[in-house]
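To start, the structure itself, in structure tokens.
The values are calculated or read from the model by the stated rules, or taken from the named source; none is laboratory data. Remember, predicted model here, so these are calculated numbers, not experimental data. FYI the Cβ positions are ideal-geometry reconstructions off the backbone, even for glycines, and counts take in every protein chain you see. These area figures cover heavy atoms from the full protein model, side chains too; ligands, DNA and RNA do not enter into them. Shrake-Rupley method; radii C 1.70, N 1.55, O 1.52, S 1.80 Å.
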Amino acid sequence: MMLQIDGHQTEAKPGQSLLELVRHLGLDSNLLSSRPLAAKIAGEVFTLNYIPVRDADSDSDRASMRRAMAASNGQIRLLRYADPAGREAYGRTAQFVLFLALRQLWPNATAKMNCTVGASVYLKVTGDSRFSAEELKRKVGELVAADIPLQRRRVPLKEAIAHFEADGDADKARLLRWRTVDYFDEYSYGDFADYYYGEMMPSTGYLTVWDIKAAKDGFLFVSPDDGNPDCVAPCLDSPNFFSVFEEGERWGELMECETVADLNELTISGGIRELIRVNEALHEKNFSRIADQVCQRGAKAVMLAGPSSSGKTTSAHRLATQLRVHGKKPILMSLDDYYIDRDKIAPGPDGKLDLEHINTLDTALFREDMAGLLRGEEVELPTFNFLTGRREWQGHRLQLQADSVIIVEGLHGLNPAMLPESIDKKLIFRLYVSPLLPLNLDDHNRIPTSYLRLLRRIVRDYETRGASVQHTLSMWDSVRRGERRWIFPYQENADVIFNSSTLYELAVLKKHIYPLLTAVPPEDECYDEVRNIVKILNYIIEADVDDEIPPTSLVREFIGGNSFYRK
């Protein structure tokens, strides 16, 4: 069979893997930045251990493999660390090596994936006081040097559940009972088996750039730098972020909703309704506390920032409501109105406009307006017309009164470049909003914050903007790059980090999003991204409880029915 691998034509013989073909063509590399880690075939991602042409008597071929090869006409694109799917394959391989090392060194310990901070992932380790990050680092190095092949195998579901129960992985066995098919894919080495819901690299030897650092009750695994994958990324100290995430975990424990299996049981029993009520009460209490802090400081402006689909707009409105309880007159402003005219923005190296870049905002005008408002002057504010792509002046004039508080919402709200040096910093309160979801599939598989935000955005874009799943996904990598550059570096600058996640919403969002995702055909370019979303949703029981969600809920910003948007 003739194949085109990254434009190089070659003939694949029966039983020959993609990895063998890549090496035969001279496309392999010792540098992570240029080394192929996986492959994309007609919208699906496959391991380099995949064999395109099977022997006639082979019974291990999967239907999806056959379909992908037929749809691609032999076209194969290699994925490297710069590709999101390549980074994900690298991360899954790191998980396998980490948990294998932990099992070999401390078999009675429990390790749990917790949260991501920058390019680092925090894992909590309990159950063995002998744990040492330094010893773990040494062991991981040994496993990488051993270059263990990583082959996936399919086992009957009952067999997988029995194995995990016998091995002490009750969390994983409990999750698999919610699986809707009678088989389970796993990677194994010796008596250790695990799976991370996606493709991995061909062997442990591909894990060439990493570090392990000691942290409270566990360790940080530090990944390669996105900008320079041949180097380890800087490790950020984020005590405020960790504190908020730990608070979310404590609430999950109190509500007995720490995993997807817990959420499913609450959905089936009807307990999800109480979960909704408590979650919403917690949000209201936190908004009230933030309003107290704003007033105690005597702040005249709140700079509110956060990544895409964090619920910034609803958060601004709910904070405004709480400020009114204090007798304040809140005024909502958006940094979007300070966009520069689209035809005045220089395109990036790829010829496209990078609308996440801070240079797309007229920061000088915003600083001037903010300084004037805080001096008590009357200022005319701009309005950006998204239909024409131009700034307009519509006579919108503003002057602060003694009881006024401005709430400025926008992507770059915490960037120091937005405020002039002359401003008394006590007059500015900085608020960071992000859904730091503490819900795991199981101990070894967390549900990333970015996953929840992507689901929110897909539902919102479809419901309010008529955008397809494919359209939203096509922009997501650019959005994520902008967040890593312009938002995450400043999150620790915030006076308060507000966790805008709710433990119940995945069960609610599934009803709105699942039909959209399953309608995407396998040959679509974004099919693998859709499949990765569906893999998690398949474990979640849908909850038809929209009637329980209040009209001011952050979740309403995405599923509709938000009373703040009614005229």
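List every residue pair whose Cβ atoms sit under 6 Å apart, with the two residues 6 or more apart in sequence or on different chains, where the first one lies in the range 445-471 and is small (Gly, Ala, Ser) and the second, anywhere, is open to solvent by less than 10 Å² (accessible area, probe 1.4 Å). Filtered contacts from the range 445-471: Ala467/Asp461. The lone criterion from (1) in contact with a helix residue (DSSP H, G or I) (Cβ under 6 Å, 6 or more places away or on another chain); (2) open to solvent by 70 Å² or more (accessible area, probe 1.4 Å); (3) closer than 22 Å to Ser500 by Cα left unmet by Asp182 is number (3). Is there any pair with a first residue in the range 353-377 that is over 16 Å from Val408 (Cα atoms) and a second that is surrounded by fewer than 14 Cβ atoms within 10 Å (Cβ to Cβ) whose Cβ atoms are under 6 Å apart and which are 6 or more apart or on different chains, and what are they? Pairs that qualify, where the first residue is over 16 Å from Val408 (Cα atoms) and the partner is surrounded by fewer than 14 Cβ atoms within 10 Å (Cβ to Cβ), are Leu353/Pro347; Asp354/Gly348.
In the range 227-270, the residue that is farthest from Lys137 (Cα to Cα) out of those that are small (Gly, Ala, Ser), within 20 Å of the chain's Cα centre (by Cα) and open to solvent by less than 20 Å² (accessible area, probe 1.4 Å) is Gly252.
Any residue that is assigned to a loop (DSSP other than H, G, I, E, B) and modelled with pLDDT of 95 or more - is there at least one of those in the range 343-358? Checked the range 343-358: no residue is assigned to a loop (DSSP other than H, G, I, E, B) and modelled with pLDDT of 95 or more. Do the conditions hold for Tyr122, that is, is it surrounded by 19 or more Cβ atoms within 10 Å (Cβ to Cβ) and outside any helix (DSSP H, G or I)? Criteria met by Tyr122. Set side by side, the residues Ser404, Ser422 differ, and just one is hydroxyl-bearing (Ser, Thr, Tyr) and open to solvent by less than 10 Å² (accessible area, probe 1.4 Å), which is Ser404.
Among the residues of the range 470-524, how many are open to solvent by 40 Å² or more (accessible area, probe 1.4 Å) and either of a type in the set (Phe, Trp, Tyr) or part of a helix (DSSP H, G or I) (or both)?
Going through the range 470-524 one residue at a time, the tally reaches 19.
Against the conditions (1) surrounded by 15 or more Cβ atoms within 10 Å (Cβ to Cβ); (2) in contact with a helix residue (DSSP H, G or I) (Cβ under 7 Å, 6 or more places away or on another chain), Asp544 satisfies every one except (1).
Here Pro224 passes the criteria (1) more than 18 Å from the chain's Cα centre (by Cα); (2) under 30 Å from Lys40 (Cβ atoms); (3) in contact (Cβ under 8 Å) with a residue 60 or more places away in the chain except the one numbered (1).
Residues checked against (1) among the hydroxyl-bearing types (Ser, Thr, Tyr); (2) farther than 17 Å from Asp495 by Cβ; (3) part of a helix (DSSP H, G or I):
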site: Arg289; (1), (2), (3): no, no, yes
site: Asp292; (1), (2), (3): no, no, yes
site: Gln296; (1), (2), (3): no, no, yes
site: Leu304; (1), (2), (3): no, no, no
site: Ser308; (1), (2), (3): yes, yes, no
site: Thr314; (1), (2), (3): yes, yes, yes
site: His317; (1), (2), (3): no, yes, yes
site: Gln322; (1), (2), (3): no, no, yes
site: Gly327; (1), (2), (3): no, yes, no
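Yes/no per residue for (1) over 18 Å from Ser334 (Cβ atoms); (2) in a loop (DSSP other than H, G, I, E, B); (3) not polar (S, T, N, Q):
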site: Glu368; (1), (2), (3): no, no, yes
site: Gln401; (1), (2), (3): yes, yes, no
site: Val405; (1), (2), (3): no, no, yes
site: Lys426; (1), (2), (3): yes, no, yes
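Arg460 falls short of the stated requirement of being under 30 Å from Val405 (Cα atoms) and either open to solvent by less than 10 Å² (accessible area, probe 1.4 Å) or within 13 Å of the chain's Cα centre (by Cα) (or both). Filtered by the rule that a residue be within 13 Å of Asp337 (Cα to Cα) and touching a Ser or Thr at 6+ places or on another chain (Cβ under 9 Å), the range 367-389 gives a lone residue, Phe384.
Can you name the residue in the range 525-556 that is in a loop (DSSP other than H, G, I, E, B) and among the charged types (D, E, K, R) and, of all such residues, is farthest from Phe287 (Cα to Cα)?
Result: Glu525.
Residues in the range 271-303 that are open to solvent by 20 Å² or more (accessible area, probe 1.4 Å), farther than 12 Å from Leu503 by Cα and among the hydrophobic types (A, V, I, L, M, F, W, C): Ala281, Cys295. In the range 547-567, of all residues being charged (D, E, K, R) and buried (at least 18 other Cβ atoms within 10 Å of the Cβ), the one that is nearest to Asp477 (Cα to Cα) corresponds to Glu557. Report, by residue number, each residue of the range 25-79 that is modelled with pLDDT of 95 or more and in a helix (DSSP H, G or I). Listed by number, the list is empty, since nothing qualifies.
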